[in-house]
Amino acid sequence: MKRCSVALGVVFLLASCASSGGSSAAASAAASAAASAAASASAGQSATPAPTPGPSSAYCPNPEGGDLNTCLGWLKGGTYHTSTFRPALSYTVPAGWGNFEDLPGNFLLLPVDGTLSGVNDGTSDYLGIYSAVAAAGKCTGQPSTTVPHSWQGLVDWLTSDPALAITNLKPVTVSGLDGDVMDIAMKDPNGDGCNDPSGVFADVYVGVNGSSLVHAVTATVPLRIYLLKHGDDTLAIEIQDAPGGYYGDWPTTADAAIAKLQITP
């Protein structure tokens, strides 16, 4: 879940400190396109994507990020390549998924029923990839000044944070990059214990070195994250599992897409 982002042209802009709802125009466009893509799915279907592709766009329909955001919008089934995100990605999706961020440090896929507004408020599933993340400072929304900005430093910090429940931790390799995958839920009902007027959160990490984000879990929205060693950086692949949703088991569906991911340093 996006707790807060910095409003700069090269950063992740779906949420901001001033407005957690994101762009209303982008959210409306995403919701309309998602509804069109999902219309052909039978009621209650949860195992397969809609057979009718969502609309495909020759330009990025998400205005956040301006010209730097080279997203493709709603997609037909197939294999696609990022234009701006580094390291370069090649990804394969079924009909009706959408790509709504292709920025230097942030990449976003939505499933057939996903919405941009839902990404921010915890009501939409998504799959996000962030080129560099690090442990968050206590109630600062900034990188920690005490935890090493390394893969091991982040893993150690997450697994020792009393506000978080870490399960299913295991080694993983994605496109030749080694690391760990884990499920994260909020353990302490008070979260981090920070006085955040927008809600109760437990921070997971913040963006660094070209990625700009502050991501957290809430009492109702867990995450599955892949933390991969990429040079001196920690590349994160994040699956938000919102309540309800088109897929009965969104994390497993997203895992299958991640297994096909190709990352080019």
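Here, each number is a calculation from the coordinates, and none is a lab measurement. Because the structure is predicted, anything quoted here is derived from the model rather than measured. Glycine gets a Cβ as well: all are built from the backbone with ideal geometry, and neighbour counts include every protein chain shown.
Approximating the spin labels as points 7 Å out from Cα along Cα→Cβ, the Thr167-to-Thr146 distance works out to 2.9 nm. Summing Lys and Arg as +1 and Asp and Glu as -1 over all other residues whose Cβ lies under 13 Å from the Cβ of Ala254 gives a net charge of -4.
Note down the net charge around Thr70, summing +1 for each Lys or Arg and -1 for each Asp or Glu among other residues with Cβ under 11 Å from its Cβ. Cβ neighbours under 11 Å give a net charge of -3.
So, R0 is 35 Å and r is the distance between the beta-carbons of Ala256 and Asn195; what FRET efficiency does that work out to, to 0.05? Efficiency, rounded to the nearest 0.05: 0.30.
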